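The values are calculated or read from the model by the stated rules, or taken from the named source; none is laboratory data. Computed from a predicted model, the values in this text were never measured in an experiment. So basically every Cβ, Gly included, is an ideal-geometry build from the backbone, and we count neighbours across all protein chains shown.
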Amino acid sequence: MRGAVRWTRLRSGKYSGMSLPELLVTDPNHLFWLIESKRLKGDLLEEAKVLKWRARHIRIPKKEGKKWAVEYVRGRKGLAYLQLVPRAHLKKPPRRDPERPAERSKFLDLSVARRYNSYDLEGARKLLCMLRELHFDEHTSIRPEEAERFFGDERNFAVRNPPIPTPDSAADGSRLSGGEIRLAGSGSARRAPSTETIAHR
């Protein structure tokens, strides 16, 4: 069995004491700002490199054997809304409305709100709502241990992502080359979309 990831805690700032996954599900825009501002060092920096990739490449569970994609619609102030669409729609051109351009991806990308508008807190909330509906309980906040377990499990993301380097041994004592531990193997609770389209407006 793979060992669990030991996430490092922030030691300063308004989110001192949080792990990076906990920060990601609390204030994703702030996490991406920390990464872009190059304020993270050591273990936090290495963990952030992995988490940045995973936060932008979250797998979407199948429903009734069908694959899904996410459509992001941009408004004047940032992310207007996002919705699930059949994966086959990736082959079709998105809307060409200049007031609300759209893009599609087969992954949920938690960086979209900040990419559209650095201060789009409402857009970030919509992204987290989608994350909760797809992988957690949509009616409650994501607990710190749930976030750490989810973002430590490589099966929840696109396959091209590096393991998290850490000097600590895994829970079962296993190590990879360079002191890297094996990532958490415990799965997270997943719930497929209950309707053909889930929109967050």
Residue count, segment 47-73 (criterion: surrounded by 15 or more Cβ atoms within 10 Å (Cβ to Cβ), at pLDDT below 95 and touching a strand residue (DSSP E or B) at 6+ places or on another chain (Cβ under 7 Å)): 0
Verdict on Ala69 being hydrophobic (A, V, I, L, M, F, W, C), touching a Lys or Arg at 6+ places or on another chain (Cβ under 6 Å), free of Cβ contacts under 8 Å to residues at least 40 places away in the same chain and within 18 Å of Asn156 (Cβ to Cβ): yes
Test: residue in segment 20-29 that is buried (at least 17 other Cβ atoms within 10 Å of the Cβ) and over 13 Å from the mean Cα position of the chain (by Cα): no
So Asp168, is it over 30 Å from Lys41 (Cα atoms), over 11 Å from the mean Cα position of the chain (by Cα) and either at pLDDT 95 or above or part of a loop (DSSP other than H, G, I, E, B) (or both): no
Lone unmet requirement of (1) over 15 Å from Leu24 (Cα atoms); (2) under 16 Å from the mean Cα position of the chain (by Cα) for Arg95: (2)
Failed criterion for Leu31 (all others in (1) out of contact with any Asp or Glu (no Cβ under 8 Å at 6 or more places or on another chain); (2) in contact (Cβ under 8 Å) with a residue 40 or more places away in the chain; (3) within 17 Å of Leu128 (Cβ to Cβ) hold): (2)
Meets criteria (assigned to a helix (DSSP H, G or I) and either in contact with a Pro (Cβ under 9 Å, 6 or more places away or on another chain) or within 22 Å of Arg149 (Cβ to Cβ) (or both)) for Leu40: no
Hits in segment 1-37 (condition: closer than 23 Å to Tyr116 by Cβ, in a loop (DSSP other than H, G, I, E, B) and touching a Ser or Thr at 6+ places or on another chain (Cβ under 9 Å)): Tyr15, Val25, Thr26
